[in-house]
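The values are calculated or read from the model by the stated rules, or taken from the named source; none is laboratory data. All of these numbers come straight from a predicted model, not from anything done at the bench. So basically every Cβ, Gly included, is an ideal-geometry build from the backbone, and we count neighbours across all protein chains shown. Note: accessible area is taken over every heavy atom of the protein model, side chains too, but ligands, DNA and RNA are not part of it. Shrake-Rupley method; radii C 1.70, N 1.55, O 1.52, S 1.80 Å.
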Amino acid sequence: MLDVLPVVLAALVLSLISLYLSFTSWLRLRKTVAVVRAYLGARRSRLVKPRKRYLVFEVVALSGELSGIGRGQVEEAIERSCRLLFGFLGYGSMRPTLVYYDESGGVGILGFKHLWRNHVLLLLSLVREIGGAKVIVVPVATTGTRRKAMKIATKSQ
Amino acid sequence: MVADLCFRGVVDGSTARHAYRLGYRVVASGKVDSVRDLENVRVVPRYEISRDAVDRYRSARGLKVLVVSSREDLKFYPKLSGSVSGIRIDFTQLTGVDKDFMRRVIGSRIPVEVEFAEVLRRVLSGEPIDYYYLLLRLYVRGKVEVYVCSGASDISSMVHPTAMRALISVLGVPEDLAAKAVLKVPRELVSGIA
């Protein structure tokens, strides 16, 4: 029995080492497969139908009065921010549209195409001043229908 | 729990209320020296340290960020693990980002900080952001960990977490990884402190 023990121990150690090596190679392979898949997925171009999305946002006044900010000023500020960040081409592609704005509560709804969601969120963060008042625009929710966006907007007021 | 790991201004009551409104529950600021609660927001100290000061801040409780302005700052990078929470690369002072430097950044296994305000400032002033693209590419490939912070200096420059996520998504990072960089990685970094 004692003669066999060293052999058993050596076999156990070898099997543990091989288990460790196979596990680490599997992890490395998994990462490689993920990278290749991502690369192939990116190369395969798909024509995606743009879908309408509605972003409910809230204008928070840091200084000045919120009631002094009109719909036209909000629209202008969003357009200016969009052109500054993404240029005329980006603005033309994105066409963010102010669907609704409540001047008393500072809550609005912006319509856009779903492909530009991140761009819209980014450009809203650039809006820091509207009509002379220092503001910050807080995104509340994004929905697929105008009706649901209105529901969320009225709830936020 | 959403955390902003880089607030450069003074955190007072109104700032904390505003941060809470934006969704932040933890804010790391360089203007405080102890952990405190303010208007339901936990404020933790943030120390920006040079390579020489790493040992001095070893026992400090807070977020320790190593400012890398030359490749020598990442010398003996295995020793940095556990001593600093994050790395902030000062690309304006760094001369020459080459393979050796990136190998050190990857090998240190310390999350790299991407500051929203700094990236946006560069974009709007027409300055190159190639190094940020490089960092984010490495992040997507799983080579480095990245976290995004606001870099705000006052209330008016604070941004919603979705805007930070949107920025790196626009720069090419997939949505799930962008969310991880804004939400999960900062949360893990402050979990031991806050």
- Item | Accessible-area ranking of A:94, A:150, B:1, largest first, probe 1.4 Å | B:1, A:150, A:94
- Message: Please list, ordered by chain and number, the residues whose modelled amide H lies under 5 Å from the amide H of residue B:144; skip anything fewer than 5 residues away on the same chain.
- Response: B:139
- Note on the structure: GNM of chain B, Cα pairs under 10 angstrom: of B:101, B:76, B:116, the biggest fluctuation goes to B:76
- Note on the structure: Helix-only [θ] at 222 nm, chain A, -39500 (n - 2.57) per DSSP H run of 4+, per residue, nearest 500, equals -18500 deg cm²/dmol
- Per-peptide average of other Cβ atoms within 10 Å, ordering B:121-134, B:142-155 highest first: B:142-155, B:121-134
- Alpha-carbon centroid distance for the pair segment A:86-139 / segment B:5-45, whole angstrom: 27 Å
- Task: Between the chain alone and the structure with every protein chain in place, find the residues of segment A:97-125 that drop at least 10 Å² of accessible area; heavy atoms, 1.4 Å probe.
- Result: A:117, A:118, A:119, A:121, A:122, A:125
- Per-residue [θ]222 nm for chain B (sum of -39500 (n - 2.57) over DSSP H runs n ≥ 4, rounded to 500): -9000 deg cm²/dmol
- Query: How would you classify segment B:78-194 from its alpha-carbon gyration tensor, with a ≥ b ≥ c the square roots of the eigenvalues: rounded for a/c under 1.5, else prolate if a/b is greater than b/c, otherwise oblate?
  - Reply: rounded
- Message: If you take every DSSP beta bridge fully contained in the protein assembly as shown, what fraction is antiparallel? Give it as a percent rounded to 5.
- Response: 55 percent
- Area of residue A:151 that stays accessible when all protein chains are in place (1.4 Å probe, Å², to 10): 140 Å²
- Enumerate the aspartates and glutamates that residue B:184 could reach by cross-link, defined here as Cα to Cα under 15 Å, with residues fewer than 8 away along the same chain left out. B:4, B:113, B:145, B:175, B:176
- Message: Per residue, how much accessible surface does chain A expose to a 1.4 Å probe? Answer in Å², no decimals.
- Response: 65 Å²
- Item | Percent RCO, i.e. relative contact order, over segment A:52-156, from Cα pairs under 8 Å lying at least 6 residues apart | 46 percent
- Query: Relative contact order for chain B using alpha-carbon pairs under 8 Å, separation at least 6, rounded to a whole percent?
  - Reply: 23 percent
- Quick one: if the Förster radius is 25 Å, what FRET efficiency do residue A:48 and residue A:148 give, using the C-beta to C-beta distance and rounding to 0.05? 0.70
- Item | Principal-axis tilt of helix A:146-156 within chain A, Cα atoms, nearest 10 degrees | 80 degrees
- Dipole magnitude (debye, nearest 20) for the protein assembly as shown, charges at Cβ of Lys, Arg, Asp, Glu: 1440 debye
- Measure up A:49/A:134; A:148/B:31; A:49/B:143; B:31/B:180; A:31/A:113 against 31 Å on the Cα-Cα distance and list the ones that go over. A:49/A:134; A:148/B:31; A:49/B:143; A:31/A:113
- Under-5 Å amide H pairs with residue A:107, H placed in peptide plane, nonlocal only: A:59, A:102
- Query: Applying 1/(1 + (r/R0)^6) with R0 = 41 Å to the Cβ-Cβ distance of residue B:93 and residue A:22, what FRET efficiency is obtained, to the nearest 0.05?
  - Reply: 0.35
- Name the residues of segment A:126-157 whose accessible area falls by at least 10 Å² when all protein chains are present instead of the chain alone, probe 1.4 Å? A:126, A:128, A:134, A:136, A:138, A:139
- Message: For a quick check of understanding: with a 1.4 angstrom probe and all protein chains in place, what accessible area in square angstrom does residue A:26 have, to the nearest ten?
- Response: 130 Å²
- Query: If you line up the long axis of helix A:117-126 against the longest principal axis of chain A, both from Cα atoms, how many degrees apart are they, to the nearest 10?
  - Reply: 60 degrees
- Each residue of B:154-161 has, on average, a number of other protein chain C-beta atoms within 10 Å of its C-beta equal to 5
- Task: List the accessible area buried at the contact between A and B, summed over both sides and calculated with a 1.4 Å probe, in Å² to the nearest 100.
- Result: 1700 Å²
- Note on the structure: With Cα coordinates, the longest principal axis of chain A makes an angle with the long axis of helix A:71-94, in degrees rounded to 10, of 50 degrees
- First compute the accessible area of the protein assembly as shown with a 1.4 Å probe, then give the percent of it belonging to carbon and sulfur atoms. 54 percent
- Would you mind getting the accessible area per residue of chain B, heavy atoms of the protein chains only, 1.4 Å probe, in Å²? 45 Å²
